[in-house]
Amino acid sequence: MARLVTKKGIDLVLAGILSIMIVLTGCGSGSNSTNSFISSNSNEKITLSVAILAEDLDYWKKTSQSDSFKKLLPNVTLDLQSFKDIESLYKSLMVRQSANEMPDLFYVKPYKVIDLKDSLYIWDKSDPLVQMNKAVDSFNELKAGDGKYYGLPMKGFGEWVFYSKSIFSELGLTIPKTWDQFVSTAKAIEDSGKYQGLALGGKDTWTQYPFVAYLGTVSFNDPNTDNEAAMMDTPFSPDGHYYKAFEMVEQLYKSGAVGKSPLGIGYPEAERMFSNKKAGMMAIGQYYYTDFLTMGGDIKDLGLFPLPVVIDPNEMNRQVYNIDLPFCISKDSKHIDVAKKVIEWYFSPEVYKPYLEERAMSSTIKGIDPQNIFTDASKQYNAQPFFPKAGEVNFVKLQKETKWDPTVVGALMLAGKDFRPIFEDLNKKWTAARQKFGMK
C-alpha cells in the first residue's frame, strides 16, 4: 500500500542531511562544445543534487573543485547531501521516493535497488558509461531487462582476514589453508591467554556476514544458493547449503575463538581491538583498512589472506568479492545528461584511480587498476574470485515473510542457542510462504 508522506515529513528527514553547496564558477565559455548538452544558453546555472556517504564527502568536495570538473561542467553547482551510513541514505531515499523528491544522482547498495527501481533512469547497454563498466553484469538486481540497467557499480572490494604478523610469529602460526585450519588457528591464539583469536564485534550482528551470509554460497562454489532456496520447500534441511554452512559457523563459535563475551562489543570496539594488537585476526571487507590506519594500526605488522572456505586442502580456495554502490539517476531528474557527465568525470583516471588507492578499493572500470595493499596481496594467494548472487524477487518475498536473517540466527548462536530448532521452524514457515505465494 502506498504511503502518504507529507512535505513536513520530508523536511524532517532532510533536516538530518548535511547539505553542502559547491558553486563552481564558469571557466568555460559559450563556445565550449563540451557543454552544449547542458542548455542552449551556456550561461545557465544548474544545480545537481548528489546523495553520498559522509565518508566520501571530503573527496567529492576536493575533486569537484578541480580543473577537470570545471572544464567539463563549468556552470554546474553540486548540492552534496551526505549521510552518516548507508542505512540512513537508504531510508531517506525511500521517503523521498514516496514524495517524488529523489536526488538527481546517488548511489545505494545493489540489493536495495529493487526497492527504488520505479524511480530510476534506465541505462541502455550501448551507453558509453555502461560499456566501460566491467561489473555492470555482476548483479541481477541491476538488470532492467532487454540489455538495460538500473545503475552502474562504483567500486568493488574483497573479503579478507586481517592478521597480526607479530602475533602469528610469536605463537609459531602459519597461514591456514582450510576452514578447519582457520578455526584451529583462531583457537590457538585465544588459548594463548594473551590475545583474542578473532575480533568479531557481535553486538553489531552484521559483522558476522563473512561467515553466516557467505559460507552457504562460497564454500559450496554455488553463487545461486539463495535463488535455489526460493525453489525449495525446505532449504534449511541437513542436506542443504545453509545447514552445512551453519555447522561450520558453529564450529568456529563453539571453539571460543571469538572471545568470552562476543555479543558484548560492537564493530568499533572490534576494530580497535585488532588495530591495538589485542586480537590476532579479523575477518572483514577491505573497507576496514582505512579505519585500521586511522586508529593507528601498525602497517608493517599487518598481514592479509583470503578466508579459507574449503575443507579439502587440495581444493583451490575461493574468495568472495563484492560489487558495491551502483550510481543511479532519478528518472524524474531535469538534468539526466548533466548527471551522466558527473559520472563520466568521476570515473576518469585522474579522479577515480586516486579514490580507489586512497580507500584501498577495487575498480569497476575497464583500464583503471589501482595499486594498493590488496592488489599486492591478491598476487600472493591462489584464490579463485567468487561473486555471490543476491536473491531475486521470489527469494526476497520469502525472506521477508519468514523473517530469515542469517545474522540474527548467528547472534542467537553466539548467545548459546542451537541453530537446528530454528532451522526446523524456518522450514515450516518457508513451506507455508511458498504455498501462500503460489510458488511451484
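Listing for the model above:
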{"item": "Counted residues, region 406-440 - those being assigned to a helix (DSSP H, G or I), surrounded by fewer than 20 Cβ atoms within 10 Å (Cβ to Cβ) and of a type in the set (D, E, K, R)", "result": "6"}
{"item": "Any hit, region 146-153, residues being surrounded by 17 or more Cβ atoms within 10 Å (Cβ to Cβ), in contact (Cβ under 8 Å) with a residue 24 or more places away in the chain, in contact with a His (Cβ under 7 Å, 6 or more places away or on another chain) and not in a helix (DSSP H, G or I)", "result": "no"}
{"item": "Wholly enclosed helices (runs of 4 or more DSSP H) of region 60-138 bearing at least 1 residues at pLDDT 95 or above and among the basic types (Lys, Arg)", "result": "86-98"}
{"item": "Flag if Pro308 is under 21 Å from the mean Cα position of the chain (by Cα), at pLDDT 95 or above, of a type outside the set (A, V, I, L, M) and in a loop (DSSP other than H, G, I, E, B)", "result": "yes"}
{"item": "Every pair of residues 6+ apart whose Cβ atoms lie under 9 Å, when the first sits in region 80-103 and is at positive phi while the second is modelled with pLDDT of 95 or more and assigned to a helix (DSSP H, G or I)", "result": "Asn100/Ser119"}
{"item": "Set Pro354, Pro370, Pro385: member being in a loop (DSSP other than H, G, I, E, B) and within 22 Å of the chain's Cα centre (by Cα)", "result": "Pro370"}
{"item": "Residue within region 142-152 that is assigned by TED's automatic domain parsing to the domain that holds His335, among the charged types (D, E, K, R) and modelled with pLDDT of 95 or more present", "result": "yes"}
{"item": "Only listed residue being closer than 29 Å to Ala360 by Cβ and of a type in the set (D, E, K, R), chosen from Glu101, Glu87", "result": "Glu87"}
{"item": "All positions within region 393-405 that are surrounded by 15 or more Cβ atoms within 10 Å (Cβ to Cβ) and not in a loop (DSSP other than H, G, I, E, B)", "result": "Asn394, Phe395, Val396, Lys397, Leu398, Gln399, Glu401, Thr402"}
{"item": "Pairs with Cβ under 8 Å, 6+ apart, first in region 179-201 and free of Cβ contacts under 8 Å to residues at least 40 places away in the same chain, second among the hydrophobic types (A, V, I, L, M, F, W, C)", "result": "Ala188/Leu171; Ala188/Leu173; Ser192/Leu171"}
{"item": "Region 344-392, subset touching a Gly at 6+ places or on another chain (Cβ under 7 Å) and within 30 Å of Pro313 (Cβ to Cβ), residue surrounded by the most Cβ atoms within 10 Å (Cβ to Cβ)", "result": "Ser362"}
{"item": "Residue tally, condition assigned to a helix (DSSP H, G or I) and touching an Asp or Glu at 6+ places or on another chain (Cβ under 9 Å), over region 357-367", "result": "1"}
{"item": "Set Leu215, Leu198, Leu173: member being among the aliphatic types (A, V, I, L, M), more than 20 Å from the chain's Cα centre (by Cα), in the same structural domain as Asp301 (by TED's automatic domain parsing) and crowded, with 24+ Cβ neighbours inside 10 Å", "result": "Leu198"}
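Table: residues versus (1) in a strand (DSSP E or B); (2) of a type in the set (Gly, Ala, Ser).
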residue: Val258; (1), (2): no, no
residue: Gly280; (1), (2): yes, yes
residue: Ile284; (1), (2): yes, no
residue: Ile329; (1), (2): yes, no
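The values are calculated or read from the model by the stated rules, or taken from the named source; none is laboratory data. For clarity, every value in this text was computed on a predicted model and none was experimentally measured. Cβ: placed from backbone, ideal geometry, glycine included. Neighbour counts: every protein chain shown.
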